[in-house]
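Q: Starting off with a structure, shown below.
The values are calculated or read from the model by the stated rules, or taken from the named source; none is laboratory data. Only a predicted model underlies this, so the values are computations on that prediction, with no experimental measurement involved. Positions of Cβ are backbone-derived with ideal geometry, glycine not excepted, and every protein chain shown enters the neighbour counts.
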Amino acid sequence: MDRNDPNSWYEDPKGDNLQKYSFMRQMHTPAMWRVRQSPKIHRAFGDLWGTDNLWVHYGRCILKPPLRADRPKWGKTGDPRGLLHFDFPVATTPKRFKLFQAVVYLEDTAADQGAFQCMPGFQNRYEAWHTAQNGDFDVGNHIPMDQGLESPTPIAGKAGDLLIWDSFTPHGHCCNTSSKPRLAQFLSMWPATEEGHEACLRVFWPSTLPSNDGSALGEKCSGLEAERLSRITQWRDGSQTDFKRPIPEIVTGQEDVPSCPLSPIGRRILGLDLWPERVLQPPL
């Protein structure tokens, strides 16, 4: 993609729909790691979890282009209000557990620019809503607006804004009816513990799909240490996997990833260095 060439915003060269859904292929550019190792972002997640012993999720960036009549499959949804979804298999998740996700606004984003949208407070009634559906979850992770949900709230933001939501909040994006693309980066952090590892796998690696080392989710991707080593390998090689692409993929332009200087926080949220066992210190 070339941000200065609008036609390139609508290309899907590999034909796997990744870019059609606005996701950029890279996951390990130096610029992305500068965002991930931000002390302010780490502090925000640390306050939510009550510990600074965290790992970061390798979320992607998105470039969400404006709706275009000659590119109807880019960004169009079945509802003019846009998209809502959860990032876990809803049918098999009747009970809420603790996990957070976030997006960083890379540029000023208006509400009509394909902005992030969600239903604030819904996480508190998720379990009651799940019970009321009587097992009718044929829609998978995408939730029709009329399935017990009211209209979502679009959230405009300034460049550098961090927005964190509870994973049990329906979220998604508005239709981009502006003339500019939306640029943002997704990420998450969770405790670097077995419990945190299991929680993140339930969202970022559903049990119906192979894990990053080929094992079943029931084996916890071979455990916490295997996951740490896998994370380091992906960072060093500039490769990546996610739940729809379990085979490591080398992406052009990421070979220099280890050249991005990592701060002490960056090395620890990656897993390159271990966190000491201590409780989060209160801010000064």
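Q: Name the residue, out of M1, M32, M27, that is buried (at least 21 other Cβ atoms within 10 Å of the Cβ), at pLDDT below 90 and farther than 30 Å from D136 by Cβ.
A: Details: M1 fails: buried (at least 21 other Cβ atoms within 10 Å of the Cβ); M32 fails: at pLDDT below 90.
None of the others qualify; the one that does is M27.
Q: Which of the strands (runs of 3 or more DSSP E) contained wholly in the range 46-134 include at least 1 residues that are at pLDDT below 90 and closer than 17 Å to P170 by Cβ? Spell out the reasoning first.
A: Values: elements: 54-56, 61-64, 83-85, 100-105, 116-118.
Filter on the range 46-134 gives 83-85.
Q: Continuing with the same structure: Any residue in the range 117-134 that's free of Cβ contacts under 8 Å to residues at least 60 places away in the same chain and surrounded by 12 or more Cβ atoms within 10 Å (Cβ to Cβ): show its pairings with residues that are among the acidic types (D, E) and not in a helix (DSSP H, G or I) at Cβ separation under 8 Å, as long as the two are six or more apart or on different chains.
A: These pairs meet every condition: M119/E150; Q123/D166.
Q: Now for a different question. For the range 243-280, which positions are assigned to a loop (DSSP other than H, G, I, E, B), modelled with pLDDT under 60 and either under 20 Å from the mean Cα position of the chain (by Cα) or surrounded by 14 or more Cβ atoms within 10 Å (Cβ to Cβ) (or both)?
A: Passing the criteria: F243, K244, Q254, L280.
Q: Let me ask something additional. Kindly indicate the residue of the range 1-19 that is in a loop (DSSP other than H, G, I, E, B) and either touching a strand residue (DSSP E or B) at 6+ places or on another chain (Cβ under 6 Å) or not charged (D, E, K, R) (or both) and also farthest from H197 (Cα to Cα) among those meeting that condition. Don't jump to the end; show me each part of the working.
A: Here is the first cut: in the range 1-19, the ones in a loop (DSSP other than H, G, I, E, B) are 1-5, 11-18.
From what is left, the residues that are either touching a strand residue (DSSP E or B) at 6+ places or on another chain (Cβ under 6 Å) or not charged (D, E, K, R) (or both) are 1, 4, 13, 15, 17-18.
Details: M1: 33, N4: 39, P13: 34, G15: 32, N17: 28, L18: 26 Å.
Restricting to residues being in a loop (DSSP other than H, G, I, E, B) and either touching a strand residue (DSSP E or B) at 6+ places or on another chain (Cβ under 6 Å) or not charged (D, E, K, R) (or both), the top hit is N4.
Q: Among the residues of the range 20-40, write down those that are part of a helix (DSSP H, G or I), touching a residue at least 40 places away in the same chain (Cβ under 8 Å) and over 22 Å from W55 (Cβ atoms).
A: Across the range 20-40, the qualifying residue is only K20.
Q: Could you count how many residues in the range 180-219 are at pLDDT 90 or above and under 25 Å from I155 (Cα atoms)?
A: 11
Q: Additional query: Of the residues that sit in the range 148-169 and are outside any loop (DSSP other than H, G, I, E, B) and out of contact with any Asp or Glu (no Cβ under 9 Å at 6 or more places or on another chain), which one is surrounded by the fewest Cβ atoms within 10 Å (Cβ to Cβ)?
A: The first filter runs over the range 148-169 and keeps only residues outside any loop (DSSP other than H, G, I, E, B), leaving 153-154, 157, 162-166.
Applying the additional criterion that residues be out of contact with any Asp or Glu (no Cβ under 9 Å at 6 or more places or on another chain) yields 153, 162-166.
Details: T153: 13, L162: 17, L163: 16, I164: 16, W165: 19, D166: 19.
Among residues in the range 148-169 that are outside any loop (DSSP other than H, G, I, E, B) and out of contact with any Asp or Glu (no Cβ under 9 Å at 6 or more places or on another chain), the one surrounded by the fewest Cβ atoms within 10 Å (Cβ to Cβ) is T153.
Q: Now for a separate question. Restricting attention to the range 228-242, does a residue exist that is more than 26 Å from W49 (Cβ to Cβ), of a type outside the set (K, R), outside any loop (DSSP other than H, G, I, E, B) and modelled with pLDDT under 85? Walk me through how you get there before you give the answer.
A: Step one: filter the range 228-242 for residues more than 26 Å from W49 (Cβ to Cβ), giving 236-239.
Add one more test, that the residue is of a type outside the set (K, R), and what stays is 237-239.
Applying the additional criterion that residues be outside any loop (DSSP other than H, G, I, E, B) yields 237, 239.
Now restrict to residues that are modelled with pLDDT under 85: 237, 239.
Yes, because at least one residue in the range 228-242 is more than 26 Å from W49 (Cβ to Cβ), of a type outside the set (K, R), outside any loop (DSSP other than H, G, I, E, B) and modelled with pLDDT under 85.
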